[in-house]
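Structure first, commentary second.
The values are calculated or read from the model by the stated rules, or taken from the named source; none is laboratory data. Everything quoted here is computed from the prediction, not taken from an experiment. Cβ sites come from the backbone with ideal geometry, for glycine too, and all protein chains shown count toward neighbours. Heavy atoms of the whole protein, side chains included, go into the accessibility calculation; ligands, DNA and RNA do not. Shrake-Rupley method; radii C 1.70, N 1.55, O 1.52, S 1.80 Å.
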Amino acid sequence: MLKGKRIILRPVTPDDVKETISLRYDFEANKQYLGYIFPINLTNEQRWIDSLYSQRIRERIDLVIEEKNTHRFIGLIGVNNIDYINKRAKFGIFIKRRYWGKGFGKEAMRIFLNYLFNQINLNKIYLEVLTENQRAIKLYKSMGFEPEGILKAHYYQDGRYKDVAIYSIFKDKFCS
C-alpha cells in the first residue's frame, strides 16, 4: 500500500468490481481516457480483476486510488507493457469525474511514479493521450512528462480519426 497526504494506492480486489465497472460505464469519461468502448458485464469485470494477479511475471501493475480518510474509491492508476530489460512501461490513470480538478490525480501520479522509478527501478514511463484532451496534457506536463511525438489519425472516435500524442518522463527528470 502506498500512502500520500489525501490518498492511498492499494491493489485492486474482487470487492472493487462495482467501482471499476462504474468507471467503464461512464462512456464520456472513457472517451477521454481512450478506454474500453465495448459493453461489459459484472462477470467480465470480475474476470479482469482476477487476471491482474494470475500472471507469474508481472506485465502490469494496477492500483486503486482511494481517499485516505473516507476510503472512497476515486479511480485506478497503473502501468502495462512493463519491459524489465529496457526498464519502461506504459502509464494510465482513470479518475471518477466527480474527483476531476481536485488534485487527486496529481497526488496519485507523484506517489506512483516515485514507486515505479525508485522501487521497481523503471527508467521511462510513457503514455498516450488524445491531442484534444488538454486537461490531461496539462496534468502530465505539470508532472514532468514531455512530448515525444504525434500518432496521426491513430484513434477512431465519434465518427472520425483523432491524433494521439505520446508523452514520457524519465527517472532522472522526475522530481518526487
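In the stretch 73-89, which residues have a backbone nitrogen under 11 Å from the label point lying 7 Å from SER22's Cα in the Cα-to-Cβ direction? The answer is 73-75, whose backbone nitrogens lie closer than 11 Å to the label point.
Taking 0.36 nm per residue of separation and subtracting the Cα-Cα distance, full extension of the segment from ASN118 to THR70 would add 14.5 nm.
Of the accessible area of the chain, computed with a 1.4 Å probe over protein heavy atoms only, carbon and sulfur atoms account for 50 percent. Please tell me which of these pairs span more than 24 angstrom C-alpha to C-alpha: LYS68/LYS173; LYS18/LYS162; LYS102/LYS141; LYS102/LYS171? Pairs exceeding 24 Å: LYS68/LYS173; LYS18/LYS162; LYS102/LYS171. Scanning the chain for GluC sites (Glu not before Pro) that sit in a DSSP loop and have at most 16 other Cβ atoms within 10 Å, the longest stretch containing none of them is 60-131. Only helices reaching 18 angstrom along their own axis (Cα) with mean Kyte-Doolittle hydropathy no lower than 0.0 count here, and for the DSSP H runs of the chain these are 104-118. Among (i) 14; (ii) 9; (iii) 35, only one was calculated for this model; which label is it, if the read-out is percent of Cα pairs over 30 Å apart? Recomputing percent of Cα pairs over 30 Å apart here picks out (i).
Compute the FRET efficiency between MET1 and ASN80 as 1/(1 + (r/R0)^6), taking r as their Cβ-Cβ distance and R0 = 35 Å, and round to the nearest 0.05. Working from the Cβ atoms, E equals 0.95. Taking all protein chains as shown and a probe of 1.4 angstrom, SER54 keeps an accessible surface of around 90 Å².
Solvent-accessible surface of the chain, averaged per residue with a 1.4 angstrom probe and all protein chains in place: 57 square angstrom.
Each Cα pair under 8 Å and six or more residues apart adds its separation to the average, and for the stretch 27-173 the resulting relative contact order is 17 percent.
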